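Trainee: Below are the structure tokens for one structure; questions will follow.
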Amino acid sequence: MTKTVCVYCGSRKGDDERFAAAADALAAAICARGMRLVYGGGHVGLMGVVADGVLRRGGEVIGVIPQAMMRKEVAHEGLTELHVTADMHERKAMMAARADAFVAMPGGLGTLEELFETWTWLQLRYHDKPIGMLNVDGYFDGLLAFLDGAVARGFVSPDHRALLQADDDPTALLARLL
């Protein structure tokens, strides 16, 4: 059965071309492993780059977007499948249900919210799917240091911290997750 990776990433491309290059490299790694992509359904930012990269290489892309985002015309029109949900809660649940693993790339508040919710669900055993961060150009270094500090200060157990993998290489990260 084909594995599906859920990618959380920015609706913007950031301030450095390395972010877009990493999104395309992740797309290449997904296709090289014969995997599918499920993501937020947009054509903008890093979301569009990773989706276009998978499609350009002949891979399957499943987009899940809330109706409100459709009205703003940010939906990607060329996907293998596009699902329109009533709201963000339904979107996240559908993406999680279709995924075998999760990868967070650089992004903003939405990316972080999705990452932390999915990680919390894993901690609470609502699912048993691996989670990773693609740490492009040290983007997540500060967050990783914070999380290690939360362990040191007794707020996060070492076992729960270990549930979140991080790597700067998309091929290595996918190999660690699946």
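Trainee: Write out, first by first residue and then by second, each pair whose Cβ atoms fall under 6 Å of each other, whose residues are 6+ apart or on separate chains, and whose first residue, in the range 1-30, is free of Cβ contacts under 8 Å to residues at least 60 places away in the same chain while the second is basic (Lys, Arg).
Mentor: THR2/ARG36; ALA20/LYS13
Trainee: Checking LEU122 against (1) of a type outside the set (Ser, Thr, Tyr); (2) in contact (Cβ under 8 Å) with a residue 24 or more places away in the chain; (3) out of contact with any strand residue (DSSP E or B) (no Cβ under 8 Å at 6 or more places or on another chain); (4) not in a loop (DSSP other than H, G, I, E, B), which single condition isn't satisfied?
Mentor: Condition not satisfied by LEU122: (3).
Trainee: Name every residue in the range 98-117 that is touching a Lys or Arg at 6+ places or on another chain (Cβ under 7 Å) and farther than 14 Å from GLY40 by Cα, in order of residue number.
Mentor: Result: ASP100, ALA101, GLU117.
Trainee: Please verify whether the range 38-53 includes one or more residues that are among the aliphatic types (A, V, I, L, M), in contact (Cβ under 8 Å) with a residue 60 or more places away in the chain and not in a strand (DSSP E or B). Lay out the reasoning, then the answer.
Mentor: Let us first name the residues in the range 38-53 that are among the aliphatic types (A, V, I, L, M), namely 38, 44, 46-47, 49-51.
Subsequent filtering for residues that are in contact (Cβ under 8 Å) with a residue 60 or more places away in the chain retains 38, 46.
So of that shortlist, the ones also not in a strand (DSSP E or B) come out as 46.
Within the range 38-53, one or more residues are among the aliphatic types (A, V, I, L, M), in contact (Cβ under 8 Å) with a residue 60 or more places away in the chain and not in a strand (DSSP E or B).
Trainee: Which residues, counting only those in the range 72-98, are under 26 Å from THR120 (Cβ atoms) and either surrounded by 19 or more Cβ atoms within 10 Å (Cβ to Cβ) or touching a Gly at 6+ places or on another chain (Cβ under 6 Å) (or both)?
Mentor: Within the range 72-98, THR85, ARG91, LYS92, MET95, ALA96 qualify.
Trainee: Do we find that THR111 is buried (at least 18 other Cβ atoms within 10 Å of the Cβ) and polar (S, T, N, Q) in this structure? Before the answer, list the steps.
Mentor: Numbers: buried (at least 18 other Cβ atoms within 10 Å of the Cβ): yes; polar (S, T, N, Q): yes.
So THR111 fits the description; yes.
Trainee: As an exercise: evaluate VAL50 against (1) surrounded by fewer than 23 Cβ atoms within 10 Å (Cβ to Cβ); (2) closer than 26 Å to HIS127 by Cβ; (3) in contact with a helix residue (DSSP H, G or I) (Cβ under 6 Å, 6 or more places away or on another chain) and give the number of the one condition it does not meet.
Mentor: Of the numbered conditions (1) surrounded by fewer than 23 Cβ atoms within 10 Å (Cβ to Cβ); (2) closer than 26 Å to HIS127 by Cβ; (3) in contact with a helix residue (DSSP H, G or I) (Cβ under 6 Å, 6 or more places away or on another chain), the odd one out for VAL50 is (1).
Trainee: Identify all residues within the range 56-74 that are among the hydrophobic types (A, V, I, L, M, F, W, C) and over 17 Å from ARG98 (Cβ atoms); write none if there are none.
Mentor: So in the range 56-74, the residues among the hydrophobic types (A, V, I, L, M, F, W, C) come out as 61-62, 64-65, 68-70, 74.
Across the range 56-74, the qualifying residues are ALA68, MET69, MET70, VAL74.
Trainee: Take the residues in the range 54-71 that are out of contact with any Gly (no Cβ under 9 Å at 6 or more places or on another chain) and not in a helix (DSSP H, G or I); name whichever of them is surrounded by the most Cβ atoms within 10 Å (Cβ to Cβ). Quick ask: steps written out before the conclusion?
Mentor: From the range 54-71, those out of contact with any Gly (no Cβ under 9 Å at 6 or more places or on another chain) are 54, 56-58, 60, 67-68, 71; that's our starting set.
Now drop any that are not not in a helix (DSSP H, G or I), which leaves 57-58, 60.
Details: ARG57: 13, GLY58: 7, GLU60: 18.
The residue in question is GLU60.
Trainee: Checking the structure you have, find out if any residue of the range 75-94 is among the aliphatic types (A, V, I, L, M), touching a Ser or Thr at 6+ places or on another chain (Cβ under 7 Å), closer than 30 Å to ARG161 by Cα and not in a strand (DSSP E or B). Walk me through it before giving the result.
Mentor: Start the filter on the range 75-94 by keeping residues that are among the aliphatic types (A, V, I, L, M), which leaves 75, 79, 82, 84, 86, 88, 93-94.
Now narrow it down to the ones that are touching a Ser or Thr at 6+ places or on another chain (Cβ under 7 Å): 94.
The next check asks that each one be closer than 30 Å to ARG161 by Cα; those that pass are 94.
Narrowing further to those that are not in a strand (DSSP E or B): 94.
Within the range 75-94, one or more residues are among the aliphatic types (A, V, I, L, M), touching a Ser or Thr at 6+ places or on another chain (Cβ under 7 Å), closer than 30 Å to ARG161 by Cα and not in a strand (DSSP E or B).
Trainee: Taking the range 144-173 only, how many residues are within 22 Å of GLU17 (Cβ to Cβ) and either of a type in the set (A, V, I, L, M) or at pLDDT below 95 (or both)? Let's see the steps before the verdict.
Mentor: From the range 144-173, those within 22 Å of GLU17 (Cβ to Cβ) are 166-173; that's our starting set.
Those left that are additionally either of a type in the set (A, V, I, L, M) or at pLDDT below 95 (or both): 166, 172-173.
Count: 3.
Trainee: Give GLY132, GLY58 a once-over and let me know the one that is on the phi > 0 side of the Ramachandran plot and in contact with a helix residue (DSSP H, G or I) (Cβ under 8 Å, 6 or more places away or on another chain). Explain how you work it out, then say what you get.
Mentor: Details: GLY132 fails: on the phi > 0 side of the Ramachandran plot.
Among GLY132, GLY58, only GLY58 is on the phi > 0 side of the Ramachandran plot and in contact with a helix residue (DSSP H, G or I) (Cβ under 8 Å, 6 or more places away or on another chain).
The values are calculated or read from the model by the stated rules, or taken from the named source; none is laboratory data. Keep in mind the model is a prediction, meaning the values are calculated, not measured. Positions of Cβ are generated from backbone atoms using ideal geometry, with glycine treated the same way; all protein chains shown enter the neighbour counts.
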